[in-house]
């Protein structure tokens, strides 16, 4: 199985900050990576697929980059509504495996 | 808009069975792969199974093979997860997802998710 490791596990930042979350795969996965956002009591929401393709309706302050085995999710200009847990998931091979999550808190 | 609503969770004893349902709306259900993902307490998210648009193709993760069965009824816009021989470590929130892939990828990601239904396996 491909292992996905996210860092950090928790981060605290101020409104307006730029936040970077890293996701590393245990082997190369090309660009087959998705990012999700989950807020308490809500369903997870797909933000990005294919490492950098933003889903319709997702604010442009979210961006994804990377390939092969190292990826980042960047939030440029953190907003209070971005307080959530973020997960990466590889879909290079069955079964898609998830990172353990990064909780983003607003200071 | 796309909605996925799970039901059927609850408390069950080890060795028992439970059937989860997922009612889909807001899209042409018979055109899409569907699947189930779970998150156990203190555990990460885990893809369990997905099924093709017709229901003819199904793929299970090893941990639930022979133990869980996915099915779908395109006439009712619903997908189901029959869970048998439940174990304590099957305790989790179970999410119904609409699955999607990118051309060239080997697996699927979850384009839409339901809110989830809690399954607790305990004596």
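The values are calculated or read from the model by the stated rules, or taken from the named source; none is laboratory data. What you see is a predicted model; the values in this text were computed from it and never measured. Neighbour counts run over all protein chains shown; Cβ positions are idealised from the backbone, glycine included.
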Query raised in the report: For region A:56-64, does any single residue satisfy the condition of being under 25 Å from residue B:50 (Cα atoms), surrounded by fewer than 20 Cβ atoms within 10 Å (Cβ to Cβ) and in contact (Cβ under 8 Å) with a residue 12 or more places away in the chain?
Result: no
Query raised in the report: For residue B:98, are the conditions met, namely being more than 14 Å from chain A (Cβ to nearest Cβ), outside any loop (DSSP other than H, G, I, E, B), under 11 Å from the mean Cα position of the chain (by Cα) and crowded, with 17+ Cβ neighbours inside 10 Å?
Result: no
Query raised in the report: Does residue B:55 satisfy the condition of being at pLDDT 95 or above and in contact with a strand residue (DSSP E or B) (Cβ under 7 Å, 6 or more places away or on another chain)?
Result: no
Query raised in the report: Does residue B:112 fit the bill of being over 19 Å from residue A:97 (Cβ atoms), facing another protein chain (nearest Cβ under 10 Å) and either in contact (Cβ under 8 Å) with a residue 12 or more places away in the chain or buried (at least 21 other Cβ atoms within 10 Å of the Cβ) (or both)?
Result: yes
Report task. Please go through region B:47-95 and pick out each residue that is assigned to a loop (DSSP other than H, G, I, E, B) and in contact (Cβ under 8 Å) with a residue 60 or more places away in the chain. Result -> B:84, B:85, B:86, B:87
Query raised in the report: Hey, any hits in region A:86-101 for a residue that's modelled with pLDDT of 95 or more, assigned to a strand (DSSP E or B), farther than 27 Å from residue B:61 by Cα and within 14 Å of chain B (Cβ to nearest Cβ)?
Result: no
Query raised in the report: Which members of region B:101-123 meet the condition of being touching a helix residue (DSSP H, G or I) at 6+ places or on another chain (Cβ under 7 Å) and assigned to a strand (DSSP E or B)?
Result: B:119, B:121
Query raised in the report: Of the residues A:51, A:34, which is in a loop (DSSP other than H, G, I, E, B), within 22 Å of residue B:50 (Cβ to Cβ), within 14 Å of chain B (Cβ to nearest Cβ) and within 13 Å of the chain's Cα centre (by Cα)?
Result: A:51
Report task. List the number of the failed condition for residue B:43; all other conditions in (1) more than 14 Å from every other protein chain (Cβ to nearest Cβ); (2) touching a residue at least 24 places away in the same chain (Cβ under 8 Å); (3) under 30 Å from residue A:29 (Cβ atoms); (4) over 15 Å from the mean Cα position of the chain (by Cα) hold. Result -> (1)
Query raised in the report: Among the residues of region A:72-85, is there at least one that is in a loop (DSSP other than H, G, I, E, B) and either in contact with a strand residue (DSSP E or B) (Cβ under 6 Å, 6 or more places away or on another chain) or closer than 30 Å to residue B:65 by Cα (or both)?
Result: yes
